[in-house]
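Q: One structure, pasted below without further comment.
The values are calculated or read from the model by the stated rules, or taken from the named source; none is laboratory data. In this text, all values refer to a predicted model and were calculated from it rather than measured experimentally. Here the Cβ positions follow ideal geometry from the backbone for every residue, glycine too, while neighbour counts run over all protein chains shown.
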Amino acid sequence: MSVLVFIECADGKVKKSSFEAACYGQQVAASLGTEIVAIAIGEVATEELKSLGKYGAAKVLVDEEPRLKDYVSQAYTKVVAAAAEKENASVIILSNTNIGSGIGARLAARLQACYAANVVALPEISGDTLKVKKSVFSGKAFAEENLSASTKIIAIKKNSIEVKETGSGEAAIETFTTALTDADLNGVPQETVRATGDVLLTEADIVVSGGRGMRGPENWHLIEDLAKALGAATACSKPVADVGWRPHHEHVGQTGITISPNLYIAVGISGAIQHLAGVNSSKVIVVINKDPEAPFFKAADYGIVGDIFEVVPKLIEEAKAL
Ligand code: FAD
């Protein structure tokens, strides 16, 4: 019996959300008296994978099949399922990302497992049952769920688990191959184009986001300069993408991307419920808006009531001086 953690990678590096998943897995494994094994797919720097040993992974299985360089849901599911069977995994941990949740549901059907998404805390373990706490209704409430099937799949909401080194050891790396059919590889991307700039929006620690208050794309240099000075990714509200001021892959919210950065800076965004649905699990929210009654202030940790065109240039100067 073991705990298997699926490791997501981008640009040859392990994503932060996967370190969170490993830390979660390590704590679950310690409670169950077992150890964690990780499975990574695609090209990843060996040093990165070895470093998972610091987060409790005794071993990392790596499937470097070149056709799996980019995410293909059914093929990735098959690889993770094969790894789970090989390692006799009773618990499988994923990150609740687009990839993680895409695999999680398929994996549950394939392994006849129970599956809990958006999990925010360590489970209570009672015999063979794991009671998990999950975030529901776009972060407005929590629900508890008992997982009692022999295989349990848990997808961790980003930023809910602290990443802590638990040792100094290196994980052993083991090559892993899975027989894939043409059908498994249906939908392999021919070409992938990076959607965001230097910092991947879904992985960013800091996000600077602009709304209709920016007045037009010609003012977006303010968002970009502030993001650059802070090492942040840029995002926007839906109407901004709808009118073409910014590309749709930057749109966050209920109908866009869900993000959980440590710091979300909302510039000229009113804070409609549909926008909040995608950003309200950010650790710290800063709102800049000239309207003191803007709803976003209710969700903010810090607020600046002021004009973007006065406040943001000052913030850029301060951020550059950091
Ligand atoms: P506005 O609501 O127009 O707000 C602009 C803000 O800028 C105002 O608060 C104003 O006070 C401030 N402002 C203006 N000028 C300045 C200045 N000079 N200095 C400082 N502040 C200034 N929206 C999303 O963002 N994401 C979604 O995923 C999403 N999904 C939706 C799904 C559905 C089904 C529906 C119906 C709507 C959805 N929306 C979504 C739209 C959402 O309801 C809001 O209309 C939208 O979020 C508003 O965008 P905004 O805050 O940029 O614009």
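Q: Tell me which residues, restricted to region 47-64, are touching a residue at least 24 places away in the same chain (Cβ under 8 Å), among the acidic types (Asp, Glu) and outside any strand (DSSP E or B).
A: GLU48, GLU64
Q: Every residue in region 244-263 that is touching a residue at least 24 places away in the same chain (Cβ under 8 Å) and part of a strand (DSSP E or B), please.
A: VAL252, ILE257, LEU263
Q: Sticking with this structure for a sec: Read through the list (1) closer than 30 Å to ILE156 by Cβ; (2) more than 10 Å from the ligand (Cβ to nearest atom), then give the number of the only condition that PRO217 fails.
A: (1)
Q: Taking region 247-263 as the region of interest, how many residues are closer than 21 Å to PRO217 by Cβ and either hydroxyl-bearing (Ser, Thr, Tyr) or within 9 Å of the ligand (Cβ to nearest atom) (or both)? If you could, list the steps in order and put the result at the bottom.
A: Initial filter on region 247-263 (closer than 21 Å to PRO217 by Cβ): 247-253, 255-257.
So of that shortlist, the ones also either hydroxyl-bearing (Ser, Thr, Tyr) or within 9 Å of the ligand (Cβ to nearest atom) (or both) come out as 251-253, 255-257.
Result for region 247-263: 6.
Q: Still on this structure, I have one more. From the list ILE273, ILE316, ILE285, which one is under 30 Å from PHE142 (Cβ atoms) and more than 9 Å from the ligand (Cβ to nearest atom)?
A: ILE285
Q: Can I ask one more? Restricting attention to region 206-216, does a residue exist that is modelled with pLDDT under 95, within 21 Å of ILE304 (Cα to Cα) and surrounded by fewer than 18 Cβ atoms within 10 Å (Cβ to Cβ)?
A: The answer is no, given that none of the residues of region 206-216 is modelled with pLDDT under 95, within 21 Å of ILE304 (Cα to Cα) and surrounded by fewer than 18 Cβ atoms within 10 Å (Cβ to Cβ).
Q: Restrict the check to region 196-203 and report whether at least one residue is assigned to a loop (DSSP other than H, G, I, E, B) and farther than 23 Å from GLU8 by Cβ.
A: No, region 196-203 contains no residue that is assigned to a loop (DSSP other than H, G, I, E, B) and farther than 23 Å from GLU8 by Cβ.
Q: Still on this structure: Can you name the residue in region 292-313 that is over 18 Å from GLN274 (Cα atoms) and surrounded by 14 or more Cβ atoms within 10 Å (Cβ to Cβ) and, of all such residues, is nearest to the ligand (Cβ to nearest atom)?
A: Checked region 292-313; the qualifying residue nearest to the ligand (Cβ to nearest atom) is ILE308.
Q: Now, a different point. Quick one: which of ALA266, ALA241 is part of a helix (DSSP H, G or I) and more than 6 Å from the ligand (Cβ to nearest atom)?
A: The conditions single out ALA241.
Q: Tell me which residues, restricted to region 87-141, are more than 25 Å from ALA30 (Cα to Cα), assigned to a strand (DSSP E or B) and of a type outside the set (Val, Ile, Thr).
A: ALA141
Q: Could you tell me how many of the residues in region 218-273 are in contact with a strand residue (DSSP E or B) (Cβ under 7 Å, 6 or more places away or on another chain) and basic (Lys, Arg)?
A: Adding up the residues that qualify gives 2.
Q: Here is a follow-up. Among the residues of region 164-177, are any more than 18 Å from the chain's Cα centre (by Cα) and of a type in the set (Lys, Arg)?
A: Taking region 164-177 first, the residues more than 18 Å from the chain's Cα centre (by Cα) are 165-177.
Filter once more, keeping what is of a type in the set (Lys, Arg): none.
Checking region 164-177: not a single residue is more than 18 Å from the chain's Cα centre (by Cα) and of a type in the set (Lys, Arg).
Q: Quick check: is even one residue across region 223-237 in a strand (DSSP E or B), modelled with pLDDT under 95, within 11 Å of the ligand (Cβ to nearest atom) and surrounded by 15 or more Cβ atoms within 10 Å (Cβ to Cβ)?
A: No, the conditions are met nowhere in region 223-237.
Q: Pick from VAL44, VAL28: which is in a helix (DSSP H, G or I), hydrophobic (A, V, I, L, M, F, W, C), out of contact with any helix residue (DSSP H, G or I) (no Cβ under 7 Å at 6 or more places or on another chain) and buried (at least 21 other Cβ atoms within 10 Å of the Cβ)?
A: Values: VAL44 fails: in a helix (DSSP H, G or I).
Only one candidate passes the filter, namely VAL28.
Q: Restricting attention to region 269-289, report how many residues are of a type in the set (Ser, Thr, Tyr) and touching a helix residue (DSSP H, G or I) at 6+ places or on another chain (Cβ under 7 Å).
A: Counting residues in region 269-289 that are of a type in the set (Ser, Thr, Tyr) and touching a helix residue (DSSP H, G or I) at 6+ places or on another chain (Cβ under 7 Å) gives 1.
Q: Within region 193-202, identify whether any single residue is loosely packed, with under 13 Cβ neighbours inside 10 Å, among the acidic types (Asp, Glu) and at pLDDT below 90, and answer yes or no.
A: Scanning region 193-202 turns up at least one residue that is loosely packed, with under 13 Cβ neighbours inside 10 Å, among the acidic types (Asp, Glu) and at pLDDT below 90.
Q: All but one of (1) modelled with pLDDT under 95; (2) part of a strand (DSSP E or B) hold for ARG67; which doesn't?
A: ARG67 satisfies every listed condition except (2).
Q: What residue, among those in region 269-302 that are in a loop (DSSP other than H, G, I, E, B) and among the aliphatic types (A, V, I, L, M), is nearest to ALA227 (Cα to Cα)? Give the steps one after another, and end with the answer.
A: Taking region 269-302 first, the residues in a loop (DSSP other than H, G, I, E, B) are 269-272, 280-283, 290-295, 300-301.
Those still in the list that are among the aliphatic types (A, V, I, L, M) too: 269, 272, 294, 300.
Numbers: ILE269: 16, ALA272: 23, ALA294: 23, ALA300: 19 Å.
Of everything passing the filter in region 269-302, ILE269 is nearest to ALA227 (Cα to Cα).
Q: Can I ask one more? Do the conditions hold for LEU32, that is, is it under 18 Å from the mean Cα position of the chain (by Cα) and farther than 19 Å from ILE103 by Cα?
A: No; evaluated as a whole, the condition is false for this residue.
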